[in-house]
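Student: Sharing a structure below in C-alpha cells format, with a few things to ask.
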Amino acid sequence: MDFEGKTSVVTGGAGGIGRGIAHALARRGSNVLIADTNEESAVKVVAELMAFGAHASFCETDVTAQWSTDEMVEAALEEFGQLDVLVNNAGVGGARDFTFRKTPNIDDWLATFDVNVFGIVNGIQSVEKYMLDRGYGKIVNIASIAGRSGGAGFTAYGASKAAAINVSQAWAFKLAPHGINVNTVCPGLIWTPLWESIGEWRSLTSRQHTGMTSRQVFERAVAESVPLGREQTPEDVGNAVAYLASDRARSITGQALNVDGGIRMN
Ligand SMILES: NC(=O)c1ccc[n+]([C@@H]2O[C@H](COP(=O)([O-])OP(=O)(O)OC[C@H]3O[C@@H](n4cnc5c(N)ncnc54)[C@H](O)[C@@H]3O)[C@@H](O)[C@H]2O)c1
C-alpha cells in the first residue's frame with residue numbers, strides 16, 4: 001500500500017469530496033486527520049475510517065485562520081508522529097446566502113478568496129517548515145474546472161479557483177528543490193452539498209432553470225457538458241489525489257489535473 005505508516009491531513013474532509021479523499025488515502029494505508037469546521041460530520045467520517053481499521057482523528061480547523069491551520073499541523077504530529085501529505089480541499093461557493101443573488105456581491109468575493117485561496121496559503125504556510133526540515137512532503141490542492149477559464153455568473157468562485165491553481169504553481173517552484181511536490185486537482189461535476197447549493201442558485205437566478213430541483217439542474221449540466229457522459233464522484237477525485245500524493249508521482253509537480261469527464265481538455 002502506497003501510504004503505509006504515512007499520515008495525511010485533509011481539510012474539508014467532513015463530507016463531499018473531502019470524505020472521498022480521506023477514504024482513498026486511508027484505504028491505501030494512511031493515517032488521516034480530518035480538519036474541518038463541522039465537527040458533527042467529521043466525527044462520522046472518522047468513525048467510517050476506523051471501522052475498516054484505519055487510524056483517523058479530527059481537529060476542529062478553520063482554514064481561513066493561520067493560527068488554526070498551525071494547530072491542525074501540531075495535532076497531526078501529536079497524534080501520529082509525522083505528516084507526509086496535506087490535501088487543501090476545504091472550499092465554498094460564496095457567502096452563506098450566495099444562492100439568492102444572480103451575481104456575486106462583496107461578501108461572496110471575500111468568502112471565496114478567504115477559504116479557497118487563503119485557506120490553501122494558510123495550510124501550506126503551516127506545514128512547509130516541517131516539510132522543509134524533513135526534505136519530504138506532498139501537497140495537493142483542490143481547485144476546480146471553474147478556475148480553468150472565466151465564465152459568466154459564478155465569477156468570484158471561478159476567480160478564486162484560478163488563483164488557487166496559480167498559488168499551487170508558485171509553491172511548487174519554491175518547494176521543488178526540497179523534495180516537496182505541490183499539485184492541484186480540478187474536479188468537474190460532483191454531487192455534494194456544495195453542488196446542491198449551486199443547483200439551488202441556478203434554479204433561483206436563471207430563467208432556463210426555473211422550477212427545476214437542484215438535482216435536475218445538476219443532471220442537465222452533466223448531460224450537456226460531460227463528454228464521458230457521467231457525473232464524477234468523490235471517489236474519482238480521491239483516486240487522483242492518492243496518485244499525486246504518492247511516490248509514484250515523484251516526478252510530477254506544479255501540475256493541475258482535471259477530473260471532469262473531459263469537460264475541459266487543458
Ligand atoms: N462538488 C463539485 O462539483 C466541485 C467541483 C469542483 C471543485 N470542487 C471543490 O472541491 C472541494 C470540496 O467541495 P465539495 O463539493 O465537497 O463541498 P462541500 O460543501 O460538500 O464540502 C466542503 C467541506 O469544507 C468544509 N469547510 C468549509 N469552509 C471551511 C473552513 N473555513 N475551514 C475548514 N473547513 C471548511 C465544510 O465544512 C465541508 O465539510 C472545494 O474546494 C470545492 O470548491 C467541488
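Student: Round to the nearest 10 and give me the degree value, 0 to 90, for the angle of helix 155-175's Cα axis relative to the longest principal axis of the chain.
Tutor: 20
Student: Considering Cα pairs under 8 angstrom that are at least six residues apart, work out the relative contact order of the chain and quote it in whole percent.
Tutor: Once divided by the residue count of the chain, the mean separation gives 20 percent.
Student: Separate question: Can you give the helix-only mean residue ellipticity at 222 nm for the chain, where every DSSP H stretch with n ≥ 4 adds -39500 (n - 2.57) and the sum goes over all residues, rounded to the nearest 500 deg cm²/dmol?
Tutor: The helix contribution divided over the chain gives -14500 deg cm²/dmol.
Student: Along the Cα→Cβ direction, 7 angstrom out, place labels at D97 and E39. What is the inter-label distance in nm?
Tutor: According to this spin-label approximation, the distance is 2.8 nm.
Student: Where does each of I180, I34, I142 land when they are ranked from fewest to most other beta-carbon atoms within 10 angstrom?
Tutor: Result, fewest neighbours first: I180, I142, I34.
Student: Oh, and also: Can you give me the Cα centroid spacing of the stretch 164-243 and the stretch 1-67 in angstrom?
Tutor: That distance is 19 Å.
Student: Here's something else I'd like to know. With only Lys, Arg, Asp and Glu charged, each at its Cβ (+1 for the first two, -1 for the last two), find how big the charge dipole of the stretch 11-74 is about the Cα centre; round to the nearest 20 debye.
Tutor: In total the dipole reaches around 500 debye.
Student: Taking amide H positions as placed 1.01 Å from N in the peptide plane, with prolines and chain starts having none, which residues 5 or more places from A56, or on another chain, fall under 5 Å of its amide H?
Tutor: V32
Student: OK, next. Quick check on packing: order 155-168, 215-228, 61-74 by the mean number of other C-beta atoms within 10 Å, highest mean leading.
Tutor: Top of the packing list down: 155-168, 61-74, 215-228.
Student: What angle do you read, to the nearest 10 degrees and between 0 and 90, between the alpha-carbon axis of helix 39-51 and the longest principal axis of the chain?
Tutor: Taking the Cα atoms of the chain, the angle to 39-51 is about 60 degrees.
Student: Describe numerically, in nm with one decimal, the distance between label points set 7 Å from Cα along Cα→Cβ at D70 and at E224.
Tutor: 4.7
Student: Please report the relative contact order for the stretch 181-266, taking Cα pairs under 8 Å with a sequence separation of at least 6, and give it as a percent rounded to a whole number.
Tutor: Relative contact order for the stretch 181-266 comes out at 46 percent.
Student: Further question: Using the structure shown, select from K102/K161; K44/K174; K6/K174; K138/K161; K6/K129 the pairs with a Cα to Cα distance greater than 26 angstrom.
Tutor: The pairs that break the limit, which is 26 Å between Cα atoms, are K44/K174.
Student: Calculate the spin-label point distance for R134 paired with Q255, positioning each point 7 Å from the Cα along the beta-carbon direction, and give it in nanometres.
Tutor: 2.3
Student: Quick one: putting +1 on the C-beta of Lys and Arg, -1 on the C-beta of Asp and Glu, what dipole do you get for the chain around its Cα centre, in Debye to the nearest 20?
Tutor: Here the chain has a charge dipole of around 1020 debye.
Student: Note the angle between two axes, namely the Cα long axis of helix 119-134 and the longest principal axis of the Cα atoms of the chain, as a number of degrees from 0 to 90, rounded to the nearest 10.
Tutor: With both axes taken from Cα atoms, the answer is about 20 degrees.
Student: Right, another one. Could you sort the peptides 11-22, 105-116 by per-residue average Cβ neighbour count (10 Å cutoff), highest mean leading?
Tutor: Sorting 11-22, 105-116 by mean packing, highest first, produces 11-22, 105-116.
Student: Let me ask something additional. Could you order the peptides 44-50, 206-212, 255-261, 245-251 from most to least packed, using the average number of other C-beta atoms within 10 Å per residue?
Tutor: Put in order of decreasing packing, that is 255-261, 44-50, 245-251, 206-212.
Student: Note down the magnitude of the dipole of the stretch 146-266 about its Cα centre, charges +1 on Lys and Arg C-beta and -1 on Asp and Glu C-beta and zero elsewhere, to the nearest 20 debye.
Tutor: 300
Student: Label the stretch 177-266 by shape, choosing from rounded, prolate and oblate, from the square roots a ≥ b ≥ c of the eigenvalues of the Cα gyration tensor; if a/c is under 1.5 it is rounded, and otherwise prolate applies when a/b is larger than b/c, oblate when it is not.
Tutor: Prolate, because a/c is 1.5 or more and a/b exceeds b/c.
Student: At a Förster distance of 30 Å, what's the computed FRET efficiency of R207 paired with N105, Cβ-Cβ distance as r, to 0.05?
Tutor: That pair, R207 with N105, gives E of 0.90.
All of the numbers you see were taken from the coordinates with simple rules; none came from a lab. Fair warning: this is a prediction, and the values are worked out from it, not measured in the lab. Reconstructed Cβ throughout: ideal geometry from the backbone, glycine too, with neighbour counts over all protein chains shown.
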